[in-house]
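No lab work stands behind these numbers, since they all come straight from the coordinates. This one's a predicted model, so the numbers in the text were calculated from it and none came from an experiment. As a convention, Cβ positions derive from the backbone with ideal geometry for all residues, glycine included, and neighbour counts pool all protein chains shown.
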Amino acid sequence: MITVGSLLGVAAVALGMVLTPGPNMMYLVSHSITQGRRAGIVSLGGVALGFLAYLTAANLGLSVIFVHVPEAYVTVKLAGAAYLGWLAIRTLRPGGTSMFAPGELPVDSSRRLFTMGLLTNLLNPKAAILYLSLIPQFVRPEAGHVLAQGFVLGGVQILVSLTVNLVIISAAGTVAVFLARRPGWLRMQRRVMGTVLGALAVHLATDRVRPA
């Protein structure tokens, strides 16, 4: 039986993760503002599937590929860093827009929204490494089926992420209106977010940590 301490521990780490600005948040907020909450929720479905894919891979041992084939990990990591860098440049360049700034974006189909949400999450192999390094710390072999414990604990992380992101999606429009009435705050938010994304891209690209 999984202990309450294990559930709370995973939930706390998951909360810290989801509150850290990143590509998932950027994608969900920008599309929620420009295409409505429904677009944000559909995109969130893709993000959730990405988490589930990495969780399944970790629990079934498939992510051992990252351990034995470091090149695979590096390739996915650099792809994620490039994506973050592109988001940073688009945000910081002259005429760039904040993720909270209403603007014109092509109206994407539900299928595309879902797919892009999925790809946004899959382009960060840190999710797989998170499951490999985090979940085992809270699994107690003496408590029963280890695989079931892994999925339950991973499910807690996904549930926390979905809940917080739903709140962010719902509040995105209100925040956008607030900032639109305060151009100075909007510019500051754009610069801060662009800088954070750039720093994340550099950190991800130069991170020498390897899955073990």
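The order of the peptides 38-45, 49-56, 162-169 by mean Cβ neighbours within 10 Å, most packed first, is 38-45, 49-56, 162-169. Which of rounded, prolate, oblate describes the stretch 1-63, given a ≥ b ≥ c as roots of the alpha-carbon gyration tensor eigenvalues and a/c under 1.5 marking rounded, otherwise prolate only if a/b is larger than b/c? Here the stretch 1-63 falls in the prolate category.
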